[in-house]
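Novice: Have a look at this one before I ask anything.
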Amino acid sequence: MTAPTKPPHRTPAHPDAEVSPADLHAPVIDWFEENARDLPWRRPEAGAWGVMVSEFMLQQTPVSRVLPVYEQWLARWPRPADLAADAPGEAVRAWGRLGYPRRALRLHGAAVAITERHGGDVPSDHAQLLALPGIGEYTAAAVASFAYGRRHAVLDTNVRRVFARAVTGVRYPPNATTAAERKLARALLPEDEPTAARWAAASMELGALVCTAKNETCVRCPIAAQCAWRLAGKPEHEGPPRRGQTYAGTDRQVRGKLLAVLREAHAPVPQDALDRVWHEPVQRARALDGLVADGLVEPLPDGLYRLPLT
């Protein structure tokens, strides 16, 4: 039975213009086949575990910073059971300076659950992935799609930006993913699984390399001729101001400095060693308390601290 044809989308920028999903799929996927980066988690030998590790690491962290840590991680823990057998503090140590180190604890928790519930194999079922600790809708869809070729809408920042421009006709998507975006992503999804999985990867790569947040290169875009935003003259963003990320002087910076001391130490660290990393005592104490509350640091008697063992 032939799959029903999806209706075209009319864009706010051009109410009379129609964007057919089928008109987007082939050029974007063809472009991806020619231009996709050779990344280790895209290689067959990476397997589902390699894909999952990469998805945790790539959240809010650029590829260039992820690559060396990813390689070291997979060399040390090539399967979920290998990570599950180690202390969670070792995951935090190996996370290095990727930032947002709670991701390391969540990945360790997911590895434990995979080992206990699924015999050490990353599940392919979206619902089972979603039931793992630390796995949200995006990561479950990404692993199911990229590792197992399943048909899911995979919505990260890059994909949302491509869809916002090409179909909706605006420069940027909303700050947080909306129900309308999810509906659009599902409507744009090819019917057959292999093509849907390729589309998910291709649209993400297009946003990462061509349809970037700043200095987009429309001359390289395979769907520039259909892009609603470009056809409308690239109108400026009219929504809420884009949130910039600051780091210097924030609690995040202090937390990072405290964790750096603990990562480099292989014995419990005294309070005075932590006190030396930041001059402001109130902020330093708040950052340390937050690390303890998040399970990233374990306090011991006599004012000593270490990375968690359990």
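Novice: If residue 159 meets every condition in (1) surrounded by fewer than 19 Cβ atoms within 10 Å (Cβ to Cβ); (2) under 20 Å from residue 57 (Cβ atoms); (3) touching a helix residue (DSSP H, G or I) at 6+ places or on another chain (Cβ under 8 Å) apart from one, which number is that one?
Specialist: The number of the failed condition is (1).
Novice: Assess whether residue 89 counts as being surrounded by 15 or more Cβ atoms within 10 Å (Cβ to Cβ), on the phi > 0 side of the Ramachandran plot and not assigned by TED's automatic domain parsing to the domain that holds residue 176. Before you say what the answer is, go through the steps one by one.
Specialist: Working: surrounded by 15 or more Cβ atoms within 10 Å (Cβ to Cβ): yes; on the phi > 0 side of the Ramachandran plot: no; not assigned by TED's automatic domain parsing to the domain that holds residue 176: yes.
No: the conditions fail for residue 89.
Novice: Quick one: which helices (runs of 4 or more DSSP H) sit completely within segment 193-310 and have at least 3 residues that are surrounded by 11 or more Cβ atoms within 10 Å (Cβ to Cβ) and within 23 Å of the chain's Cα centre (by Cα)?
Specialist: The helices (runs of 4 or more DSSP H) meeting that bar are 193-209, 251-264.
Novice: Of everything in segment 162-173, what is open to solvent by less than 30 Å² (accessible area, probe 1.4 Å) and hydrophobic (A, V, I, L, M, F, W, C)? Give them in sequence order. Write out each step before concluding.
Specialist: So the first thing to find is which residues in segment 162-173 are open to solvent by less than 30 Å² (accessible area, probe 1.4 Å), and the list is 162-167, 169, 173.
Those that are open to solvent by less than 30 Å² (accessible area, probe 1.4 Å) and hydrophobic (A, V, I, L, M, F, W, C): 162, 163, 164, 166, 167.
Novice: Pairs needed: first member in segment 54-79, assigned by TED's automatic domain parsing to the domain that holds residue 140 and over 13 Å from residue 40 (Cβ atoms); second member anywhere, at pLDDT 95 or above and part of a loop (DSSP other than H, G, I, E, B); C-beta distance under 8 Å; at least 6 residues apart or different chains.
Specialist: Every condition considered, the pairs that remain are 77/86; 79/120.
Novice: Would you tally the residues in segment 130-155 being within 29 Å of residue 212 (Cβ to Cβ) and touching a helix residue (DSSP H, G or I) at 6+ places or on another chain (Cβ under 6 Å)? Give the derivation first.
Specialist: First pass over segment 130-155, keeping only residues within 29 Å of residue 212 (Cβ to Cβ): 134-155.
Checking which are touching a helix residue (DSSP H, G or I) at 6+ places or on another chain (Cβ under 6 Å) leaves us with 134-135, 139-140, 142-147, 149-155.
Qualifying residue count for the region: 17.
Novice: Just one of (1) surrounded by fewer than 24 Cβ atoms within 10 Å (Cβ to Cβ); (2) in the same structural domain as residue 62 (by TED's automatic domain parsing) trips up residue 144, so point out which.
Specialist: (1)
The values are calculated or read from the model by the stated rules, or taken from the named source; none is laboratory data. Here the structure is a predicted model, which is why all the values come from computation and not from measurement. With ideal geometry, Cβ positions are generated from the backbone for all residues, glycine too; neighbour counts draw on all protein chains shown. Heads up: the accessible areas ignore ligands, DNA and RNA and are worked out on the full protein's heavy atoms, side chains in. Shrake-Rupley method; radii C 1.70, N 1.55, O 1.52, S 1.80 Å.
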